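Some notes on the structure that comes next.
Readers should treat all values here as calculations from the given coordinates under stated rules, not as data from a laboratory. Model, not experiment: these values are computed from the prediction. Note that each Cβ is placed from the backbone with ideal geometry, even for glycine, and that neighbours are counted across all protein chains shown.
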Amino acid sequence: MARFLAMTSRGLIDVLDEELRELGLQKVLKHPSGVYFEGSWADCYRANLRSRIATRIILPVLDFPAYKPEELYANVLKHDFTKYIPATGKISVDAHVRDSGAFRDQRFVAMKVKDAVVDQFREKFDVRPDVDTEKPDLKIVVRAVKNQFSIAIDTSGDSLFKRGYRVAMTDAHLKEHVAAGILRMAGYKGDRPVVDPMCGSGTILIEAALIALNIAPGLLRKSFGFQRLNGFKRDEWEKVVSEAVAEEKSELPFKLYGFDVDKQSLKVAQQNARAADVEEFVEFERRPMETLTAPVESGLLVVDPPYGERLGEKDLLLDAYRDLAHTFKTSFKGWDCYVLSGAPELSAAMKLKAERKFPVYNGPIECRLLRYKMF
Ligand SMILES: C[S@@+](CC[C@H](N)C(=O)[O-])C[C@H]1O[C@@H](n2cnc3c(N)ncnc32)[C@H](O)[C@@H]1O
């Protein structure tokens, strides 16, 4: 048994906690930096494969205060890092430091930790592992806040929001785990149609389709960090994968609907849905939201409208938000409507009273997920 930490973006900790409990993980505990759980390596494989909201699962190994570089170095030596990879393997250190006096330069912190780890290998095997930031076998995650260091072993590799279906890009797409997180906040259980009237690259709908079909989000990924660590149990991993595949659905009694005015975005959405193998469940159509009518009687509407980040853009968007509210009132009566708002002055222009507001971060942008019940 080990204690793992699932990390995610700010605002998504509550829904991540709920998700990990539903996955049957044990001793699930919320913390400002993520959600802890206890379990075997097979549980860690399962969390990596199945969590839609975590961005990374790490195995914390050291926690200590350090005020001088020598203290940092000496503390890192207290854990045996040589057990994770062969001496011929490659390592990388990812350091983030906040309010840590003597350690203002995170590159210096990363270097000091790397030196200690490399020296352990040299001491034991007379060989030093190379550094490779692109494809390391062992990735060490260092976080320091006010001189309190925590050091962990990454088990995910690439961030878990990189599902493997984003084969084409648009400018302002939502990250996959944020889309999955807001769908959970909206109470989506994969049991009803979803409409996204400004769908861009289709992230919300593709994530909704994966939820509805009970497809594990990590199935399309080519690799995970834990597969490169010593002791990786291939048979247990294969069991975790086949259990997930056995629980998939192959049919849905409803569809998911994406609309947008931009032809190119719709093309990208279609390509991504095909790559995610959910193309037959999602219909994309070029329609302006101003004149959109509901494609079915009732369901869930989730939209991530433009926020207008550049100067002057916000004024131009005021009308769009008013039109969105008009479409909700006239065409989506009886629907649950959710707007991811990155600009309060724009959502205020909708002149609708939000029933609930959930704080969420879309990258660095502080947003609110606003719930409107349309009667
Ligand atoms: C912030 S992006 C949505 C990104 C999307 N959530 C994703 O993950 O890719 C906003 C989208 O609204 C679309 N849009 C702007 N005005 C529109 C309108 N009047 N009707 C429908 N779509 C519109 C844009 O083309 C853009 O794709």
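Summary of values
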read-out	value
Dimensions (Å) - the stretch 152-243, Cα atoms, principal axes, largest first	47, 30, 24
Percent of alpha-carbon pairs separated by more than 21 Å within the stretch 2-154	48 percent
Fluctuation leader among P32, P129, P86 - the chain, Gaussian network, Cα springs under 10 angstrom	P32
Sum of side-chain charges, P344 neighbourhood, beta-carbon under 11 Å (Lys, Arg +1; Asp, Glu -1)	+1
Between 0 and 90°, nearest 10: helix 234-246 axis offset from the chain longest Cα axis	10 degrees
Protection-proxy order for peptides 149-156, 357-364, 221-228, each taking the mean of Cβ atoms within 10 Å per residue, highest first	149-156, 221-228, 357-364
Relative contact order, percent, the chain [alpha-carbon distance under 8 Å, six or more residues apart]	15 percent
The stretch 219-243 versus the stretch 31-57: alpha-carbon centroid distance in Å	14 Å
Residue among G24, G190, G164 with the largest mean-square fluctuation in a Gaussian network model of the chain, springs linking Cα atoms under 10 Å	G24
Distant alpha-carbon pairs in the stretch 84-212 (separation over 21 angstrom), percent	58 percent
The chain: radius of gyration and largest Cα-Cα distance (Dmax), Å	22.7, 73
The stretch 91-169 versus the stretch 319-340: alpha-carbon centroid distance in Å	45 Å
Estimated 222 nm signal from helices in the chain, with DSSP H stretches of n ≥ 4 weighted -39500 (n - 2.57), rounded to 500	-9500 deg cm²/dmol
Among P197, P306, P288, residue whose mean-square fluctuation peaks in a GNM of the chain (springs only between Cα atoms under 10 Å)	P288
Of all DSSP beta bridges in the stretch 2-154, antiparallel share, percent nearest 5	70 percent
Neighbour cut-off at most 15 other Cβ (10 Å), DSSP loop, GluC sites (Glu not before Pro), the stretch 175-273	E247, E248, E251
DSSP bridge pairs, the chain: antiparallel proportion in percent, nearest 5	60 percent
C-alpha long axis of helix 263-275 to longest principal axis of the chain, angle in °	50 degrees
Folded to 0 to 90 degrees: helix 106-125 orientation relative to the chain principal axis, Cα	50 degrees
Between the stretch 64-78 and the stretch 178-208, the Cα center-to-center distance that results, in Å	45 Å
